[in-house]
Amino acid sequence: MDYDFSQELLDTLKMRADKVREDIARACVECGRDPSEVTLVGVSKVFPVEYAEAAVAGGLLDLGENRVQELVPKHERLDELGLNPKWHLIGTLQKNKVKYIIGKTYLIHSVNTVDLAQEISKRSEATGIITDILLQANVSGEESKHGFAPSELEGVIEQIESMNGVRIRGLMTMAPIQEYDGQAREVFAETKKIFDSLKCKVSDPDKWDVLSMGMSQDYKYAIMEGATHIRIGTAIFGDRNALNA
């Protein structure tokens, strides 16, 4: 099989991913967690498909994309190559794009309205599948961020659990750009409290098991506060701005 990536790119991405894994293990030791509890999602958004190919060939098992129009062609190309990562849609999802990704995602992290959940459920039912989703929680309260307010989540869960084509697995949040060291950790700690408080409210607590939070600049704090999935772009794939330099 002819791959598009060079050996140099493969070696670079593998080295960076291994460094992130070492940092995950170190953070887990500090807070008394098992590193196997943390899933590393490599975010290849904006980068060409060969970067995604190289990352998966180098051992990355989970890939995240922000946009449907990037996820779909990358999914198709990697499928052709026999590379089958678990695909995560982590960016804002528009209702009119849902039809393109049904059956292609392992997990949709960014469900931020009941209407969006309804559309995912309808399309999933029509295909005969159940799509796993996370509810995006706007714990920081920033107007620029999408998601449900913490006070809305219990009622939202009740509404979405009546839909047959989706299964809620937990929460996703984004911390603000830190104005002082530790600011992100405060948001992550609050999200974990909310996550734990909702576990007894869902119909199947055993499936309420995903807490997606933490990116390249703050993932160590997220791990210390209980993240199960961290979304890492720059620390693995490099500076996106450099692509256009």
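Every number in this text was worked out from the coordinates using simple rules, so none of it is lab data. Note that the structure is a prediction, hence the values are computed from the model and not measured. Cβ atoms come from the backbone with ideal geometry, glycine included; neighbour counts cover every protein chain shown.
Note on region 17-152: with charges restricted to the Cβ of Lys and Arg (+1) and Asp and Glu (-1), its dipole about the Cα centre is near 320 debye. From the residues Ile133, Ile194, Ser151, which one has its Cα farthest along the dipole of region 101-213 in the positive direction, the dipole being from +1 and -1 charges on Cβ of Lys/Arg and Asp/Glu about the Cα centre? Of Ile133, Ile194, Ser151, it is Ile133. When Lys and Arg each count +1 and Asp and Glu each count -1, what net charge do the other residues less than 13 Å away from Gln7, Cβ to Cβ, add up to? Net local charge, Gln7 excluded: -4. Dipole magnitude for region 104-245: computed about the Cα centre from +1 point charges on Lys and Arg Cβ and -1 point charges on Asp and Glu Cβ, it is near 440 debye. Take every Cα pair under 8 Å whose residues are at least 6 apart in sequence, average their separation, divide by the length of the chain, and the relative contact order is 19 percent. Between rounded, prolate and oblate, where does the chain land on the alpha carbon gyration tensor, with a ≥ b ≥ c its root eigenvalues, rounded for a/c under 1.5, else prolate if a/b exceeds b/c? Since a/c reaches 1.5 but b/c is at least a/b, the shape of the chain is classed as oblate. Calculated mean residue ellipticity, 222 nm, the chain: -12000 deg cm²/dmol, from DSSP H runs (n ≥ 4) at -39500 (n - 2.57) each, averaged per residue and rounded to 500.
Over all other residues within a Cβ to Cβ distance under 14 Å of Asn96, the charged ones net out to +4, with Lys and Arg as +1 and Asp and Glu as -1. Applied to region 231-241, the Karplus parametrisation 6.51 cos²θ - 1.76 cosθ + 1.60 on θ = phi - 60° returns per-residue 3J(HN,Hα) values of 10, 10, x, 4, 5, 10, 8, x, 6, 5, 5 Hz, with x for Gly and Pro. Here the Gaussian network model covers the chain, with springs between Cα atoms less than 10 Å apart; of Asn164, Asn66, Asn96, Asn96 fluctuates the most.
Would you tally the net charge around Ala126, using a Cβ to Cβ cut-off of less than 13 Å, leaving Ala126 out, and scoring K and R as +1, D and E as -1? With Lys, Arg at +1 and Asp, Glu at -1, the net is +1. The charge dipole of region 168-236, taken about its Cα centre with unit charges on the Cβ atoms of Lys, Arg (+1), Asp and Glu (-1) only, comes to about 220 debye. Evaluated on region 1-102, the Kirkwood hydrodynamic radius is 14.6 Å, with distances taken between all distinct Cα atoms.
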